[in-house]
Each structure stands twice: as C-alpha cells, then as structure tokens.
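A short write-up of the structure that comes next.
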Amino acid sequence: MDQIKLIKHHKGAPLLRIFGIGHKLTIFDGITQLQNLLENNTFWATGRSKSQICKMLSNSTVVVSVWHKNQLIGFGRATSDHVFRAVLWDVVIDADRQGLGLGKLIVEALLTNKEIQCVEKVYLMTTNSSEFYKQLGFKINNKQSLLILNKN
C-alpha cells in the first residue's frame, strides 16, 4: 500500500468537484477519474455525467477518495441529518485494488467523520457486498423493507 493516500474532502468536496484536485493538492482531473472509476467498477453507477457527479458531490455530507500517485483508485461518500440518520453511498474500489483493505479504510473514514459519527443509525444498500459490510459491524435488518420509487 506504498504511495496510497486517503483524502478526506471538505463537505461537498469543493476542491475535487471544482478543480479536480486529488492527492497532494495536485490537479488530476478528478471528476473524469471518478466518472471512470464508477463506470468501470460498478453496475449501479454507470452512465453518470460529470455534471451529475458534481451535483452529487456538492450535496454529500462526507466524501473520501483513495489515490495511488495520480490515479483515483477508491471512493465513498455519505449523507446525513447529523443527528438521527446517515447513509453510505457509492463505496467503490478499483477492481485491481480490491482485497487490500482499501474498502475498509474508506468505510472507517466515513463512519468516524465528525459529521456522522454521532448519528443513531447508519444505513447502506448493497447488492453483492453484504459479507464485506458485515465484517465491519453492519447487520441485515429484517424488520425494515427497502422501497424504491423510480422516477426515470
């Protein structure tokens, strides 16, 4: 994990969102890299435009990214009301870097951020990674149902 750096962005990730700044405050076209990371490593975040990604970042409470030199290799974000609930979103690691503990690093950085560390409950949705999240203390909740209203 030599030369791998976790960046804890300010709320709304303005430096990443506006200037594309990544590791060592250097401009690396971070939005394009984030778009590519999501496009190439997920099925649930494909087709997002740069403007949608910028708006997403702007409205996120906590944003973290993981860089290897000048390449974005991991990302995660959370939204929260700062009291009762927070939701983790878009936790993704480049396929070539999975299994190195970077996902755990991202989730821990999100959960320990002062903006969400004191909420009563943290939610997340996953299709294929429930075992990973169980290792981090998350539990399947059979008392609640996930309901979705697709507005597309």
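Can you tell me which of 79, 61, 42 is touching an Asp or Glu at 6+ places or on another chain (Cβ under 6 Å) and polar (S, T, N, Q)?
On the way: 79 fails: touching an Asp or Glu at 6+ places or on another chain (Cβ under 6 Å); 42 fails: touching an Asp or Glu at 6+ places or on another chain (Cβ under 6 Å).
On inspection, the qualifying residue turns out to be 61.
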**Study point:** Test: residue in region 16-38 that is in contact (Cβ under 8 Å) with a residue 24 or more places away in the chain, among the charged types (D, E, K, R) and surrounded by 14 or more Cβ atoms within 10 Å (Cβ to Cβ)
**Key:** yes
Point to revise | Residue under evaluation residue 151, criteria (1) buried (at least 18 other Cβ atoms within 10 Å of the Cβ); (2) part of a loop (DSSP other than H, G, I, E, B), criterion not met | key: (1)
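Can you pull out the strands (runs of 3 or more DSSP E) entirely within region 42-121 that have at least 3 residues that are small (Gly, Ala, Ser)? First the steps, then the outcome.
Working: elements: 62-68, 71-80, 85-93.
By residue number, 71-80.
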**Study point:** Given (1) part of a loop (DSSP other than H, G, I, E, B); (2) within 25 Å of residue 30 (Cα to Cα), index of the condition residue 142 fails
**Key:** (2)
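Working carefully through the options 87, 119, find the one that is aliphatic (A, V, I, L, M), crowded, with 16+ Cβ neighbours inside 10 Å and over 29 Å from residue 40 (Cβ atoms). Write out each step before concluding.
Details: 87 fails: over 29 Å from residue 40 (Cβ atoms).
Sole residue among the options that is aliphatic (A, V, I, L, M), crowded, with 16+ Cβ neighbours inside 10 Å and over 29 Å from residue 40 (Cβ atoms): 119.
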Exercise for review: Look at residue 132 and say whether it is over 23 Å from residue 21 (Cβ atoms), at pLDDT 95 or above and of a type in the set (A, V, I, L, M, F, W, C).
Suggested key: yes
Practice item. Would you mind stating whether residue 73 is surrounded by 17 or more Cβ atoms within 10 Å (Cβ to Cβ), in contact with a helix residue (DSSP H, G or I) (Cβ under 6 Å, 6 or more places away or on another chain) and at pLDDT 95 or above? Key: yes
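The values are calculated or read from the model by the stated rules, or taken from the named source; none is laboratory data. Just so it is clear, the model here is predicted, and its values are computed rather than measured. Quick reminder, even Gly has a Cβ in these numbers, built from the backbone with ideal geometry, and neighbours come from all protein chains shown.
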